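The values are calculated or read from the model by the stated rules, or taken from the named source; none is laboratory data. This structure is a prediction, so every number in the text was calculated from the model and none was measured. We place every Cβ from the backbone using ideal geometry, glycine too, and count neighbours over all the protein chains shown. Note: areas computed on protein heavy atoms with side chains; ligands, DNA, RNA excluded. Shrake-Rupley method; radii C 1.70, N 1.55, O 1.52, S 1.80 Å.
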Amino acid sequence: MFRRKKRSLDDFKTEINSHLAHEADQIRDTGSCPDPDAAARRAFGNVTAAEEAGYEHGRWMFFDHLMRDVRQAVRQMKNRPGFSAVVILTLALGIGTNSAIFSIVQAVLLRPLPYRDPGRLAMVFSGDPARELHEGRVSLLNFADWKSQSRSFEDMTLFNGQTFLLGTDGSPERMRSARVPANFWTVVGVEPLLGRVFTDEEEKRGERVAILSYQLWQQQFGGSRAALGANLVMDGRSYLVIGVMPPAFQFPFADTKVWEPITAHPYWTTRDRKSPRSDTFWLVLGRIRPDVNWTKAQAEMDAIGRRLQAEYPGNQMPASIAVVPLELQVTGRFRLSLWLLFGSVFVMLLIACINVASLLLAHSSVREREFALRRALGARRLRLAGQVLTETLVLAAWGGLLGLLLASGAPAAIQAFGPPEIPRLAEARIDWQVTLFTAGITVFTALFASLLPALHSHAAGRNQLGSRQWTSASTRRVRDMLVVGEFALALVLVTSAGLLVQSFLRVRAVELGFRPDHLLTMRVDLHVGKTNDAQAAYFEEAIRRVEGLPGVRSAAAISGFLRTDPEDAVQIEGRAPQHPGPCEDQIAGSFFETAGIPLRKGRIFSGADRRNSVPVAIINETMARAYWPGADPIGKRFRFNTSEPWLTVVGVTGDMRRQGIERQIAPQVFLPRRQGSDDMMDIIVRTSAEPPAMAAAIQSEIQMRDKTVAKFRIATVEHELGEQTGERRFDTFLVGSFAFGALLLSAIGIYGLLHHVVVQRTNEIGVRIALGARPGTVMALMLRQGLTLAFIGTGVGVLGALSASRLLSKLLYGVPPTDPITFGSSVLLLLAVAGIACWLPSRRAARIDPMVALRQD
C-alpha cells in the first residue's frame, strides 16, 4: 500500500505533450514567435531523449534487454533452421550423454547410503598384506576383543551370510539370509517398514524370529500386513515373521531376503559357540564416534592387533586390521570406472562446445556488417556480445531439453547392459538433481560455446562499416585454435578407448585351463532332510541320468565350478601349518574329462575312493610348485585341520582359472565327493549340440529326480565367464562409443573449418586458378592448412593422453599405460579421419570455376 505504482510510458508521453501544448499556448499569447510549437519544443529540449529516460526509469532494463534478445534469437533460429538444427543436435548429444552418466554417478557414488549417518559406518577386516588378503573375516573371540578394547567405535556388530531353502512343498527356492545380533540394527540405524526388529532377549534365547526383505514380503505375502505373525519355513525350520525392511535396505548382501538372530541357526550350537580363534566366519561392521576420524580409528585398531598377536602368539592372529569406510567399501570397486566414464562424456561435451563455438564464430564473421551497423546506430559493444550470448543460450536450452529427453531412456538401457554387480544401479533415474545438473551443464555449455563468438562481435563493433580485416586474421586464428583443441581432446579419448579395448582383448584371450565351449553349469542345493550318503547318491544318480540324454557327452559335479575360496590353513606333513591354505573342492563323476582339464601326473579318482578308504586328493600344478617345489608331489600328504586325517596326493592336473579371469591362479585341491560332505554342488554338462537347446531337457531331467530339490538356474559357462568381464566390457563399450563420437565431431569440426575457408576464399582461389594455378596445387594448399592443424592437435593430445593413461593404469590388463602400438594407432586413425574430412572441401576448392568466382566479386 506504500509502494507507488510506476506510470506507463503512454502516461509519460501524454504529460510531455500536455506540457508542450501549454508552453506553445503561452508563446502564442505573447505573439513573440511565428511558430510557437517549434519554440516550445526548443525550450523543452530533446523529447525523444526524455521519453527514453522515462522508459528506462520505469523498467528493469536488464530483463527488458533480455526479452528483446530472446525474441531476436528466436527470429534468428527461424531464419537459419539448418544451422540451428546442427547446433541443437550437437549440444543435445553432449548434454544428454553427460546427464545420463551423471544419473549413474549420482545414484552409485553421490547419493548417501540409506542408513543413519552413513559417513560414520566402517567395515573392519582382518588381513595379511603379504599374501594379498585385505578383506578377511574374523572369529567370534577376536571380534569380542576388538569390541571391548576399542574406544574409537561407538559400537561394533557382526554378520554372516547363510543360504536356506524356502518352503517344503514342491520344489523349494534357495535364498540367502543374514545372521546378525540384536545390536546390528542400532549400528546400521534403519527402522523396519512394518513391525519391529528382534531384541537382545530374543537373541539370547535363540528364538526363531525373522525379518523379511521388502522383495520377499511382496513375493510371499503380496505386500499384506498379515505377514506379521505368519510363519516362514526355512530349511524345514519354522520362523515367526516380526518385521519387514524398506525397499532400499539390502545390507549386508544385495540378495539378502531374511535377517535372523545369529543364535537361531543350528550352526550356533554345533559350530559357532565353541569355535576357536582360527575359525574366521564373520564380517564386522562398526560405527565410529563423531569426534574420531578415520586415521585415529585405524591407528587404534593397529594397536589392538599388535596386542592380540602378543597375547595369543600360537593362534595365527591376523597380520593386520583394516578400517574401511562403508561408502568406499560399497562403491570402491566401481568408483574409478564411473569417474572415467563421467570424464569421458565431459571431454566429449567440450568437443561439442568447441564445434558449436566454431560454427558460431563462422556465423559471426558473416554478421560483421550487421554488428558494425548496429554499433554505428548507437549499440554498445556489451549489448552486441550479450545478443550473441543470448542466442547461444536459447540454442543450448533447446539442446538441453532434447538432451534430457535422450537421457531419460539411458538409465534403463544402462541397467540392462551394465554389469549387475554395480551397487544401486537400479536406483539411477532422471530426478530433480539430474535435471538441475542438466540445467547447470546447459548454462556452462552456452557460456563456453559463446565466449569467443561474443568477443568477436565485441571486436567487430569497433571496425568501420564494411571492414574485413578482423575476419581474415583474428577469426581464422581463433578457429584454428579451436580445431587444434578438439583434436587434442579427441586423441585423449581415442587413446583411452584403445587401451581399454586392448585390455579387454587380452582378458578374452587368457588361457583358462579348461574348455568353456558346449558346457552348461547349474547350482543344485539339497540342504534339507538328506543324509550325507543320500546326498552323494543323489548327485551320482543325477549325473547318470543327464549322461543318458541324447546330445550329452559327459557330466560331473563340483562344489563350485567358477567360485572357490582358500582354506584358512594347510599343514604339509613334516612342516608347521601355513596360512592361508589352498582352495578345496569336492568332485563327482568324470569332472576333469567334462571340464577339459588335462591330467599331468598320477591318476584320477576311482570307485574305490570312498568314505572308508584312504583319503586321497588331486592337486593342480600351482599347488605342486608352491608346496613341493622341485619334488614329485605324488604320494605326499597334507591336511587342512589337525583333527582331520592326512590326505594323500594321487594326481596332478593342469591349472584352471576359477577364481576369476584376471586373478592369479591359486593352489587347488580336489577331493572325491564320497569322502566328503557337501549339500550344494555345481553340475556341469558337456553337450554335442548347442548348450542353450539342451538346457530345458537337462533341467527337467534333474528336477524329475527329486522334486524337493531347490529350483536352480542353468546357464552356459561362456555366459558365466562373460559376466566376469561385464564391468570391463561395459567400460570399454561406453568409452569406445564416446571416443567414436569425439572422432566424428572432430572430423565435422575440421570439415566445417575448411568449408568456411573455401567459401570465404572463393574469389582468391578463382584468381589463383585464372592466373595458372593447377587444381592439384589448390587442393594441396587446402589439405596442408587442415592437416597442419590436425598434426598440431595430435601432438598436443599425445601429452594429454600420456597423463590420462596413467590414471587408467588400474583398469588395464596386460597392456602398459604408454603402449606404443595403441598410441601410434590412435594418432594414425585421427590423422586418417582428418585427411578424409579435409579432402572433401579441398576437392571442392580445386573445382572452382574462376569465371564464376570473379563474376561474383
With a Cα-only, solvent-free Debye model of segment 236-351, what are the log10 I(q)/I(0) values at q = 0.19, 0.22 Å⁻¹? -1.23, -1.28
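Quick one: length gained pulling W432 to E191 fully straight, 0.36 nm per residue minus the C-alpha distance? Spell out each step's value before the answer.
Details: separation 241, 0.36 × 241 = 86.76 nm, distance 2.61 nm.
Between W432 and E191, full extension yields 84.2 nm more.
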With DNA, RNA and ligands ignored, accessible area of K711 (1.4 Å probe; Å², nearest 10): 120 Å²
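Å³ per residue of the Cα convex hull, for segment 390-438? Each step should come with its number before you reach the end.
Working: hull volume 3.7 nm³, N = 49.
Value for segment 390-438: 76 Å³ per residue.
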Coil-residue GluC sites (Glu not before Pro) of segment 572-676, DSSP, other Cβ within 10 Å capped at 14: E573
If ligands, DNA and RNA are left out, what is the accessible area of R729 with a 1.4 Å probe, given in Å² to the nearest 10? 90 Å²
With all protein chains present and a 1.4 Å probe, the order of I665, I792 from largest accessible area down is I792, I665
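Find how much the distance from Y813 to R225 grows on full extension, using 0.36 nm per residue of separation minus their present alpha carbon separation; answer in nm with one decimal. Present the calculation step by step, with values, prior to reporting the outcome.
Details: separation 588, 0.36 × 588 = 211.68 nm, distance 5.14 nm.
Result: 206.5 nm gained on full extension.
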Run the simple label-point estimate for A38 and S688 please: 7 Å along Cα→C-beta, distance reported in nm. 11.7 nm
Once R0 is set to 35 Å, what does the formula 1/(1 + (r/R0)^6) return for the Cβ-Cβ distance between R176 and A608, expressed as a FRET efficiency to the nearest 0.05? 0.40
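Largest first, what is the accessible-area ranking of C33, C353 with a 1.4 Å probe? Spell out each step's value before the answer.
Numbers: C33 35, C353 0 Å².
Solvent-accessible surface, decreasing: C33, C353.
Could you quote the convex hull projected area for segment 609-753, Cα atoms only and averaged over all directions, in nm²? Could you put the intermediate results ahead of the total?
On the way: hull surface 64.7 nm².
Result: 16.2 nm².
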Would you check the accessible area of H22, probe 1.4 Å, heavy atoms only, in square angstrom rounded to 10? 110 Å²
Between K78 and V292, what is 0.36 nm times their sequence separation minus the Cα-Cα distance? Round to one decimal in nm. 70.9 nm
Take I661 and N17, extend 7 Å from each Cα along the Cα→Cβ direction, and tell me the distance between the two endpoints in nm. 8.4 nm
Enumerate the amide H contacts of V233 below 5 Å, restricted to partners 5 or more residues apart or on another chain; note that Pro and chain-start residues carry no placed amide H. G167, Y239
